[in-house]
Amino acid sequence: MSEKPIKGQTKEEHCGAKKKKTPAVHIFPEWCKGCGICVAFCPKQVLEMGDDQKAHVIYPEKCIECALCARRCPEFAVYVSGDTIKESKKKSGGEK
Amino acid sequence: MPARLPYAYKYLRAKKKFPHVWCPGCGIGIVMGSIIRAIDSLGWELDDILMVSGIGCTSRMPVYVDFNTLHTTHGRALAFGTGAKMANPNLKVLAVMGDGDSMAIGGNHIIHAARRNMDITAIIVNNNNYGMTGGQFSPTTPQGAKTATTPYGMIEPDFDICKLTEAAGANYVARGDVYHVMELDGLIKNALSGPGFRVVEAMAPCPTNFGRANRQGDAVKMMELFKDNTINVAQASKLPKEKTEGKIVRGIFVDKDGIGYTERYQDLCDRVSSGVKK
Ligand SMILES: Cc1ncc(C[n+]2csc(CCOP(=O)(O)OP(=O)(O)O)c2C)c(N)n1
Ligand code: SF4
Ligand code: SF4
Ligand code: SF4
Ligand SMILES: [Mg+2]
């Protein structure tokens, strides 16, 4: 398509493409210790334990972004996009 | 280190100190999350906060958060916290302690901090034993429970942290647990939002020691025990006695705004410097 979107028009509005929904919930395997808490108490069975003893996101489309998994994860290994906590823009630096 | 952090770089010493040392399924990390979310929702500056602790698994918490932090000696979080608060009354002092730290070796500090209504928020992670040293009994080990030092079951009655601190004069006393994590976030936020001595008992699993000794199963099973065996104080008041028997009550038990120690001390200083004796 050679035509460019006009000012103020989103890509979807312009070419009618549906925005691809990115999974709302992410697990960081580096920090997951495989306790199974997030898997056991997810109200929508979005998560499963893998053979690697880490939690995995299996049905992202079922996620209701309740963030209970992130709140109950003792390892800070779950991130849910809809969570209310403010994301810091602060980049690395200092003692972190 | 993960590419994107759940609580961003803002609150955690993520690069140097993670993953943390706590065992898989240990509840202390969940309590730390609640504290962070409570502070985030209050919008406090990190540099205005002091997190002080004693010794124990719980007391490792200040290692992981990017506030002013002070990791002291066993049972003395409130003693150091009191000193810091009196030296700089603008500091928001948060003492994190284990059940052993606060009720055994630090038992005297807590009753007097409560009596003075010292302006400190105390978060007590109650896992019913000395986690760090191998699961010995603590003053909150329930009667009959097995620990490394009570293999035939605890014969002593236990302390009720909430009743004890209420009787000693605390302004705010509440109990939550890590299964009911949204509630715990709120209890901690309330605790941080007022004057005087303010206590939250956060019940948490120690699957490695207490859970194993009492055959309670893994962390998930221990979380289920909190789900099934606790009840909110508001719900409990509506139910007949037999329905609440044997359940641990969660919620806010005391919420006063009595004048804290720092305000009374400032008043004394003002009176002395102006020559008024009364
Ligand atoms: C003066 C002193 N006495 C004893 C100890 C040994 N000690 C280390 S941690 C601990 C108890 C920890 O239990 P608790 O406060 O419940 O914390 P948890 O590890 O369960 O979080 C003890 C007795 C010590 N470090 N210092
Ligand atoms: S946010 Fe809620 S629904 Fe989505 S994975 Fe986590 S617990 Fe499940
Ligand atoms: S709760 Fe956290 S540590 Fe436990 S399995 Fe889920 S992601 Fe891993
Ligand atoms: S010993 Fe118990 S309290 Fe200590 S980190 Fe392990 S599970 Fe947590
Ligand atoms: Mg303990």
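Here are some notes:
- Residue in segment A:67-75 that is modelled with pLDDT of 95 or more and within 16 Å of ligand 1 (Cβ to nearest atom) present: yes
- Members of segment B:142-176 that are in contact with a strand residue (DSSP E or B) (Cβ under 8 Å, 6 or more places away or on another chain), under 19 Å from B:V199 (Cα atoms) and in a loop (DSSP other than H, G, I, E, B): B:A170, B:N171
- Within segment B:57-70, considering residues that are within 16 Å of B:L12 (Cβ to Cβ) and more than 14 Å from ligand 4 (Cβ to nearest atom), the one nearest to the other protein chains (Cβ to nearest Cβ): B:D66
- Any hit, segment B:218-226, residues being crowded, with 16+ Cβ neighbours inside 10 Å and closer than 30 Å to B:M86 by Cβ: no
- Filtered residues of segment B:144-187 (kept if free of Cβ contacts under 8 Å to residues at least 40 places away in the same chain and of a type in the set (S, T, Y)): B:T149, B:T150, B:Y152
- Remark: pairs (first residue in segment B:109-135, more than 19 Å from B:S193 (Cα to Cα) and touching a residue at least 24 places away in the same chain (Cβ under 8 Å); second residue hydroxyl-bearing (S, T, Y) and near ligand 5 (Cβ under 8 Å from one of its atoms); Cβ separation under 8 Å; 6+ apart in sequence or on different chains) = B:V125/B:T58; B:N126/B:T140; B:N127/B:T58; B:N128/B:S138; B:N128/B:T140; B:N129/B:S138; B:Y130/B:S138; B:G131/B:T58.
- Matching residues, segment A:53-66, being touching a strand residue (DSSP E or B) at 6+ places or on another chain (Cβ under 8 Å) and either crowded, with 24+ Cβ neighbours inside 10 Å or among the polar types (S, T, N, Q) (or both): A:A55
The values are calculated or read from the model by the stated rules, or taken from the named source; none is laboratory data. Keep in mind that what you see is a predicted model, and the values were worked out from it rather than measured. Glycine also receives a Cβ, built like all others from the backbone with ideal geometry; neighbour counts cover every protein chain displayed.
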